[in-house]
Amino acid sequence: MRLKTIFTLIFIIFFYFFSYGQKRAKISGTVADTDANPLELAMVRVTGTVNGTLTDEKGHYTLYVSTKDSCSLTISCIGYRTITKTLPVVEDGMRVNIRLVNSDVELQEATVIGQRIETNTMKTISAGNRLLSDPSGGNVEYMLATEIGVSSTNELSTQYSVRGGNYDENMVYVNGVEVYRPLLVRSGQQEGLSFVNPDMTEEVKFSSGGFESKFGDKMSSVLDITYKKPKELEGSVSASLMGASAYVGTSSKKFTQVTGFRFKKNSLLLGTLDTKGEYDPTFIDLQTYMTYKISPRLEWNFLGNFSKNQYNFTPTSRSTSFGTIEMAKNFTVYFDGKERDNFETLFGSTGFTYRLKSNTDVGLQVSAFQSKEEETYDITGEYWLSDVTSTDEATPENMEVIGTGKYHEHARNRLRSDVVNISHVGTHKMEAHTIRWGLGYQVEKIKDRIKEWEMRDSAGYSLPYNNETVNMVRNLYSHNDLSSNRFSGYIQDTYKFRNSKGLFSLTGGIRGSYWDFNKEFIFSPRASVGFVPNFNQKYTFRFATGIYYQAPFYKEFQKTVTDEYGNSVIELNHNIKSQRSIHFVLGGDYSFTAIDRPFKFTAEMYYKKLDNLVPYTVDNVKVRYYGENIASGYAAGLDMKLFGEFVPGTDSWLTFSLMKTQQDIYGVKVPLPTDQQYNISLFFTDYFPGYDKIRLNLRAIWADGLPVSPPGQGYETQYFRTPGYRRIDVGMSYQLLGGKENSGRKDGLYKYLKNVYLGLDCFNLFDINNVNSYYWVTDIYGQQYGVPNYLTGRQLNVKLVAEF
């Protein structure tokens, strides 16, 4: 391998000097699509050689070639057909303009655009696919969990953490508008569907750090979604044992629309949990995105969403075995009562985009978000904690009771949040610069009512034990109303140029915002540089840095205090400050060919310095904050990804991450609650040899366990790690109708349908018991036992997908 590399370098050097020793001619021109839109980063090279260049933002290119009788140019760009153009005669100063046609290849499986040159930290990833073996119901986040720096260890939830950050530190934008999640959700099984509808999605971009100033004030990541503008009638219908979905897109000369409906009912999965009972969750989501071209320069857009998540649960019993072979235990509970939760969300956004000049666009956008959340439950349980005296399966005959008790959990929680935002954005393009700016005003109104408590009885004694009064083991009360205003603005410039060294892309910007609740102004400079060297354009290098603030959004400044009666009461902390993270990200890509197939290797190192942290604990997917800026820390790590055609004609990838985090709370150094020291993810696709109508997809995750602390205690007092998360989901699909051999047919069912697929999924193939959280049992002496709450087991699913 070393000898081959040396010969390759010698060849490149020899070619370089040899070619410059000859008379050379300059060829220039533009590369555009069929609508005359310039294509950036298209590759123009002399066929069969390494002599090539990339187009700039306006599609311009300049190439120097040897003067001879003829020359052949190969022009390629992701998403377009590669063409070869022969020049019979080469003359200095020639101008050759090229048009590329969109690729007509239909992607039957999830595809990541792995060969795209990325000069900043934003990466283009898969938009999701109904044929994947996804227990969450076809969400974009399912594939996002296999990206570098991303961790998701709960298949019932679409929430994810990025490089040591928690779920609240991730931004989601749809068509330039930030969207929000419900706040009361405490369990993944209540969560339902994510906001993003993969059927309606055109493009998905994601940054795990070092993102641009145009994105808001969060510390970890940004997910940037662009919805479709259909060019003709399109749509699909899918149904499975877990739900159904449908979408339709239409287009006319001036008007486009795409509308999607999703229904999910994951009783099938919940039936594999240790807690048995009647699960009746119903999740529905309706979205539409419309555009209307009022004039050649003025366009109107509208995005609307309605979602309703209802979770009804009547538990009957639970039996959980845990511990080791030498110290095996069993926890058995018989329940009475029920839980009813309702999360209803409305979201709307409308705006106008106006082209002032050919190189200047301005826009005005108004959006509104409303969430009504209700959490109601009364559940009583009688439990037995036993030692298992035999290595056989736990039965009443081989269990010795070491503790009994009762508990009653009660909640009447209500929360309503209303957010209205108005913003102005603009873009101005010059020869080598792209300037973007924005101004925004946002008003937030939140009405919070929480009444919850838990009573425990152990061997006839109420816990915590007091011989004078009867106390609750836990209670929480909140009666808060909040109305506040935020102002924000940003300006940034992207400067791209070429010189003898290669292509450079520089982006710098500043962002500022003010919040009248705590009278705080934050200032956030951010910058990045990307470099594609001329000596080998298979390499891309990038570096990004900046200051990123976590502007508090209600949960972060809820401070729990204890009143004179021992009750826990939530107060709002007016002295809260934004958490701060300083990012340093250094990375690069290397595109190469192996076994005659394209591959790409990506590596990124990062360091995040954290200040003014508000510590928090995590229970399932619920994040509870201390409500004060009392910590500092850091997160550092290395992420790597190998992407390519492991099997010809398919896309697969393998990611590997190492991470170290630390926070200092009251002088005690402990890891962050999302500290995952290693994470290995694999997404693999394959097809039946010689018959690609039968395809397979597999997703595997092997990750380190997360820190956990007992209830009522912070990580600075005591913590331990859960067992590692290991899971494999596999799916197979068969194409009943369609395929390359039937392309263009319009007879029979082909009049109405393009493709029909039948799929079979196996979730959690090896039936591994992954620990999500713990239920804590306390005896009269205060001894606590952590009973693991396991996630879902093995389950089969069948689905049918039809596209038209």
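The values are calculated or read from the model by the stated rules, or taken from the named source; none is laboratory data. All values derive from a computational prediction rather than experimental measurement. Glycine also receives a Cβ, built like all others from the backbone with ideal geometry; neighbour counts cover every protein chain displayed. Just the protein is used for accessible areas: all its heavy atoms, side chains included, with ligands, DNA and RNA removed. Shrake-Rupley method; radii C 1.70, N 1.55, O 1.52, S 1.80 Å.
Quick look at the values:
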{"read-out": "Of all accessible heavy-atom area on the chain, the percent that carbon and sulfur account for (1.4 Å)", "value": "57 percent"}
{"read-out": "Sorted peptide list for 208-214, 172-178, 346-352, criterion being average Cβ within 10 angstrom, highest first", "value": "208-214, 172-178, 346-352"}
{"read-out": "Extension gain from GLU203 to SER267, taking 0.36 nm per residue of separation minus the Cα-Cα distance", "value": "19.9 nm"}
{"read-out": "Computed over the range 258-330, the ratio Rg/Rh where both radii use C-alpha atoms and Rh is Kirkwood", "value": "1.38"}
{"read-out": "In Hz, Karplus ³J(HN,Hα) per residue of the range 175-188 (6.51, -1.76, 1.60; θ = phi - 60°; x = Gly, Pro)", "value": "6, x, 10, 6, 10, 10, 10, x, 9, 8, 4, 10, 9, x"}
{"read-out": "Spin-label pair THR86/ILE694, simplified geometry with 7 Å Cα→Cβ offset, distance in nm", "value": "4.4 nm"}
{"read-out": "Dipole magnitude of the chain about its Cα centre (Cβ charges: Lys, Arg +1; Asp, Glu -1), debye to nearest 20", "value": "3720 debye"}
{"read-out": "Length gained when the stretch ALA368-THR593 is fully extended (0.36 nm per residue, less Cα-Cα span)", "value": "76.2 nm"}
{"read-out": "Estimated FRET transfer efficiency (GLU344, ALA36; beta-carbon r; R0 56 Å; 0.05)", "value": "0.75"}
{"read-out": "Among ASN480, TYR227, VAL614 the positive-end extreme of the charge dipole of the chain (Cβ point charges)", "value": "TYR227"}
{"read-out": "Label zone at LEU758, where the point sits 7 Å out along the Cα-to-Cβ direction: the range 784-804 residues whose backbone N lies under 18 Å", "value": "796-803"}
{"read-out": "P(r) tail fraction, the chain - alpha-carbon pairs more than 38 Å apart, %", "value": "45 percent"}
{"read-out": "Charge tally in the Cβ shell below 12 Å around TRP702, where Lys, Arg are +1 and Asp, Glu are -1, TRP702 excluded", "value": "+2"}
{"read-out": "The chain, helix-only ellipticity at 222 nm - DSSP H runs n ≥ 4, -39,500 (n - 2.57), divided by all residues, nearest 500", "value": "-1000 deg cm²/dmol"}
{"read-out": "Relative packing of peptides 510-521, 139-150 - highest average C-beta neighbours within 10 Å first", "value": "139-150, 510-521"}
{"read-out": "Global form of the range 166-258, assessed from the alpha-carbon gyration tensor, a/c cut-off 1.5", "value": "oblate"}
{"read-out": "Chain lengthening between PHE352 and THR404 when straightened (0.36 nm per residue, less Cα-Cα)", "value": "12.3 nm"}
{"read-out": "Förster-model FRET efficiency, 25 Å R0, PHE497 and PHE541, C-beta, rounded to 0.05", "value": "0.95"}
{"read-out": "For the range 209-227 and the range 151-202, distance of Cα centres in Å", "value": "14 Å"}
{"read-out": "Accessible surface, the range 492-602, averaged per residue in Å² (probe 1.4 Å)", "value": "46 Å²"}
{"read-out": "Spacing of the two label points (7 Å from each Cα toward its C-beta) at PHE521 and LEU241, in nm", "value": "6.0 nm"}
{"read-out": "Cα gyration tensor, the range 155-310 - rounded (a/c under 1.5), prolate or oblate", "value": "oblate"}
